[in-house]
Structure formats: C-alpha cells, structure tokens
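The values are calculated or read from the model by the stated rules, or taken from the named source; none is laboratory data. As the structure is a prediction and not an experimental result, all values here were calculated from the model. No Cβ is skipped: glycine too gets one built from the backbone with ideal geometry, and neighbour counts run over all protein chains shown. Note: areas computed on protein heavy atoms with side chains; ligands, DNA, RNA excluded. Shrake-Rupley method; radii C 1.70, N 1.55, O 1.52, S 1.80 Å.
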Amino acid sequence: MPKLKVDGVELEVPAGATVLQACELAGKEIPRFCYHERLSIAGNCRMCLVEVKPGPPKPQASCALPASEGQEIRTDSEMVKKAREGVMEFLLINHPLDCPICDQGGECDLQDQSVAYGRGKSRYDENKRAVTEKYMGPLIKTTMTRCIHCTRCVRFSEEIAGVDEIGALYRGENMQITTYLEGAAKHELSANVIDLCPVGALTSRPYAFEARPWELKKALGVDVSDAVGSNIRIDSRGREVLRILPRVNDDVNEEWLSDRARYVVDGLTRRRLDKPWLRKDSKLVAATWPEAFNAIASINPGASLAVISGDQVDCETMFAAKALARALGSSLLEGRQTGLAYTASNMAAVAFNSTLSGIEEADAVLIVGSHVRDEAPLVNTRLRKATRKGAKVFVIGPKWDPTYPATFLGDDAAILNDVPADVVAAFEAAKKPAIIVGGAGLAKGALEAGLAFAERFKLVRPTDSGEWNGFNVLHMAASRMGGLMLGYAQAGGLGDLVAAKPKMVISLGADEVDYTKFAGSMIVHIGHHGDKAAHAADVILPAAAFTEKDGTYVNTEGRVQVSERAVYAPGDAREDWTILRAMADSLGVAVGFDSFDALRAAMIAEVPALGAEGLADYGALPAAPKGAKAEGLIAGYPIKDHYLTNAIARSSPTLQRCSAELLHGETFAEAAE
C-alpha cells in the first residue's frame, strides 16, 4: 500500500487507488463532473485538477492519475485554484443562464461548484453555442445546450445498463450527446442518467416544473414494484408524493432504480379508492364504514374464511389478516396470486441465497425460467458485472436480450434434469457456481429439480471468503418472502382456497387473481386502487398505498427492511391494519393488538426474523426430494408488460405511455407537431 502526502498530511492508500481517491481519504473535497465511482474513468471535464510532485510543474487530473509511493499532492495551492477557475470559466462559456427555469436548480453540481470557482462575470463576448433538443423518450427531458460533455450518461448506458443507446456525435465544440437516430431510450434503467447528469441537460420529463428541492419533505422508503427491495427516497409536498429517487445501498440497489419504480409515482393519486363501496343489485354503490362492516358481519363466515395477499403488501398487514383468520378458526392463507404451488416449508429453498451483491462473484450461472431484465432489472446489472469478470451464463427458457453474453439452451424445463456437456464443464470448473430459478421455472418443477442440480454440482461449498450458497430463487413480488415467512402458502397453492369454497375471501390488494373461481364467496377487497379486484369485490374497504404507511418488507434475498410513511391516505382511506382491527370487532373476535406498535411486537414475537433489519438466517439448504424432475415447455414468462405489473403502475399515465410507446410502438405527437 503506497504512502503519500496530501496537503502535508501523510497517509497510506490501497494499491490501485487514484489520486482523487487518495485526496478523499484525506478528507479533501475534490470538485468533479465526469468522474463517478461506479463508472469508468473518462478524465474529460478537468475539474479535479491537483498539483503533484514529483511530476511536471502543471496541474494534473486527479481522477485519471494513479496514486504512487512518495507523491506529494497539493489540493489548495494557488496553481490548483487558478486552474480550476479557468476550467469553470470554459465550462460556463456556452452554458445558458437559465438557472431560474432549470429543474436541476437547487441540486445542481455546476451551480454548487461555480459558487466556489466561478468568476463574477464572463470575459467571453462571442455568441454562445446552441444545440437542438434531442428526443430521448417519455421519461427524459433534454436541454442539450446545457450539456458539458461529461459523458456520464454514455458510460452508464454502455457499462451498467449494457445498452448502447446514447453516444456522442461530432468533435470539439460541435460535439453533441444524443440517442441513436434521436430515438427514445428504451431500456428499463434509462432514467438513471437523470440522476447522473451534473447539470440540467437531462431532467425528468414527468416532473418538469413541479417543485423545487427545498419545498419537498423527504421520507425513506422501500420500492415495492419488484422483489429487489430497492432503497428509495419519497419526496412529497402537502399530501401528494411528487417524485421517487434511489438511495445508496451497496447491498441492494447500489444507487440505481428501475424506471418502473421511479415513475409509478403519478399512479398514486389516480383511480384511488377513497371511500367504502358495497355491491347492491350487482352494482357498486358508495357506503359508509359502519354500513360496510355491517355487511361483513351479516355473513359471519366463521372458519370459512380465506385471505389472499397481493404483491405489494407489508408484513404488518399480512400478520393482522392472519391474526383475524386465526381468531375465526381459519388457516386458509395464500400470497401466490398466479397459482404457483411450490413447497415453501424451508425458507432457504425459496430465497436468493447468494445475495444480490454476492451474485457478482459467481463464475457460472444457470438461469431457469426467468426474464431477469423484466422481473428484477437491478439483478440483471449484477449478472452483467459477473460476466465482465469472466462468468459464463446459461439460460433455460425463451430467448430474451440479457445485455451480456449468455447461452440459451432451449425452452424445455427438462433440460435442467440433464444439462448439456458445456454446462457440466463450466459448473465443474467453477469456484462459485449458481442457479437462479424464476417464476416460469417454479411453475415447471424447477425448484425441486434445482435442488438436485445444487447437490450434483455442490452449489453450497466452503470458500476462502466463507460459505458460498449458489441456490437462488428470484421472486417478482415485494411481499412474497414476507408472506412465505408468515405462512401465506398452501400446499396446493391458490387451488386449496378455491376447493375450500369459503364464505368470505379477503383480498389484501390482490389484483392479479381470477375471482370468478370464488363465485359463491363474499369478496372483501382491502386495497388502494380501483383495479381488477375492486371490479370483482362485494365490499371495498379503501386502504393506504405503500407511501402512506409504515411497513416491513422482505426482499428476495431475505433482507428485512422498513419503509416510512411519506403522506397520509386520501379521503376515508385508512391504514390496512386499522381496517382489519375494526373488522375483527364487527365479527366479534379478538386479534390481540390495538396499536401499530402492539401489532409489530406481536408479529416479531411470532416471527423473530422480522424484527431485525438485515439478512434473515434461513438455515441450511434442504435435500432435494427423491426423483425430483422439471418438465414441461416454458412457453413464456409471467411478466408480459414490465411497465404495467401492478395496480399503481396501471394507473400511472407515465407508465401507460411508456408501455404504449416503448413496448408497443405507438407514436405520440409533440406539442409543436
């Protein structure tokens, strides 16, 4: 580890570190525009200039200079200050003076750094350069005259997303950043370039002119659009959520967020259920809370009650519903809306055991029945990292574009029982082999066959860095792992509930169920959007969305995370647990809690793993059942439209347009057209 001095302070830095990283370890703030910790080094903004001895007597770009033994680095000399001021003056030569109308105002790197290094006025009296606007799709608004050519967006698209959609045209002062043929950026992570842009060249089109950063109240949340559990920041003003941004968590989402998670926000205020409804004479009519509870009490289902949990439900709500069902004598709980019936008695067999960050270390990966880009975009970026380190990826299922080299073995799930020779060779040579079983694979018996595959190739093994567990199940629903931990799994799946013919079915935001199978049951829907379940319900009880309540969520790797309430539910809508508590009173049973704290305490007492944030310990991987075989043709993947996967997304005008334009090829005229 080389030793060097930064402004006279001696320190030791890791081998391979750059001078910029050494300065930051010394506590010095180095201005930069093009450098980003997760992208390759470009060295083209020149803002991070420092003075280094030994070396030529001129400022040098610290981001591209390796730290070496004996260097003396100055970050505050007169030469450095003058050089940075000169770079800033050049950057501002062509930059338009439109901060008052720029959406980046208040959180702009160029604004912040011009305060420290900008001149009072410009010495440039030529005409400023102007660049025509580029169309990058319904999510990204461009004002390319502001662009300073840092190329962060280009590098993100190529290196992280793996999609070469953004690049540069021309050279020198005529250089322009644009998409290919000025078309829309279509990949599922495209809006991350908005966060990366250090100026106002790329901003959020749906959020344009909505608010300034200092007007917003911020809450820490968890994304519920998939099972990754991305950490998010929910920005609200008054009683409305205005935007969702990613938070940094290297173990989960790093600092990225899928477009679906980011732009679901405008669906939170549309098609909302804000009052109770009752079905009378085959029509839904508005009602009061007492009328709704009286209708429920008139059925008095007793033990003939079933509960179906949706894909975005927090653990507290599921536990409250379980307590109500148990008080009535029922154990009919199910959370797998699509009808899957895999064995969930051992949680280690249904978790992403390699962990999201750990899958980057895998050197051979077999994906069975999973379109990873649609189901978990941020897992796909991890797999892309693994392939860049030399990992070999094989896929069983219909073809899709994984953005990295992958070998497709065919659509027959039975291939898992007897994999080809090239797969055998790769897994026998691998130090950290892994398998990922997705939703389409679970439907074909790939869970049990995958356990047999894990035993054959020793996917659980000791390594230098600890035990490696390469058996992974990739879920698609934010509530799936929490539901399985709370017992929302019948041996026969949803079929067990249908066969029981319950008098009453409680839907906890379960919008993906075919309710025609429960024709003889009273369907009580506790949800927040007027989606599919609301059309089938006999009683609708308006509930809170994920931004309107505190809640615990467990992601696909078994990581327990807590989300905060950002705003209050609209109208007469209430938090789900309070609705279930009042329902217990109307049915004449006791559930054992009267407050949210009491509810959470009871839940943790029953399932202690839900009380400790972080990875839950599920124990050892179970043995494969004897004779376990996967069979059947994987005709397609569960997600048909990755923008419209849930009730909130289907209510979002932004995601509806993304689906129409980016997936189905519809054209939308701009205002000038």
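Observations, loosely collected:
- For the stretch 324-339, filtered to residues that are farther than 12 Å from TYR488 by Cα and either assigned to a helix (DSSP H, G or I) or not polar (S, T, N, Q) (or both), the residue that is least open to solvent (accessible area, probe 1.4 Å) is LEU324.
- Test: residue in the stretch 602-617 that is within 30 Å of ASP418 (Cβ to Cβ) and at pLDDT below 95: no
- Residues satisfying the stated conditions in the stretch 405-456, i.e. closer than 12 Å to VAL365 by Cβ, free of Cβ contacts under 8 Å to residues at least 60 places away in the same chain, assigned to a loop (DSSP other than H, G, I, E, B) and open to solvent by less than 40 Å² (accessible area, probe 1.4 Å): ALA406
- In the stretch 529-548, the qualifying residues are those that are open to solvent by 10 Å² or more (accessible area, probe 1.4 Å) and outside any helix (DSSP H, G or I), and the one that is farthest from VAL562 (Cα to Cα) is ASP538.
- Selection within the stretch 512-528: residues that are part of a loop (DSSP other than H, G, I, E, B) and over 16 Å from TYR488 (Cβ atoms). The member of this set that is least open to solvent (accessible area, probe 1.4 Å) is SER521.
- The stretch 33-91, residues that are closer than 25 Å to GLY16 by Cβ, among the small types (Gly, Ala, Ser) and assigned to a loop (DSSP other than H, G, I, E, B): SER40, ALA42, GLY43, GLY55, ALA67, SER68, GLY70
- Tally, over the stretch 310-323, of residues that are buried (at least 24 other Cβ atoms within 10 Å of the Cβ), among the aliphatic types (A, V, I, L, M) and either farther than 16 Å from ARG581 by Cα or out of contact with any strand residue (DSSP E or B) (no Cβ under 8 Å at 6 or more places or on another chain) (or both): 2
- Taken together, the residues in the stretch 275-319 that are within 25 Å of PHE546 (Cα to Cα), in contact with a Ser or Thr (Cβ under 7 Å, 6 or more places away or on another chain) and without any contact (Cβ under 8 Å) to a residue 60 or more places away in the chain amount to 0.
- Residue within the stretch 350-363 that is over 23 Å from VAL252 (Cβ atoms), of a type in the set (Gly, Ala, Ser) and either within 22 Å of the chain's Cα centre (by Cα) or open to solvent by less than 10 Å² (accessible area, probe 1.4 Å) (or both) present: no
- Residue selected from the stretch 627-664 under the condition of a type in the set (D, E, K, R) and over 16 Å from ALA184 (Cβ atoms), by the criterion surrounded by the fewest Cβ atoms within 10 Å (Cβ to Cβ): LYS640
- Index of the failed condition, GLU158 passing every other in (1) without any contact (Cβ under 8 Å) to a residue 12 or more places away in the chain; (2) more than 21 Å from the chain's Cα centre (by Cα): (2)
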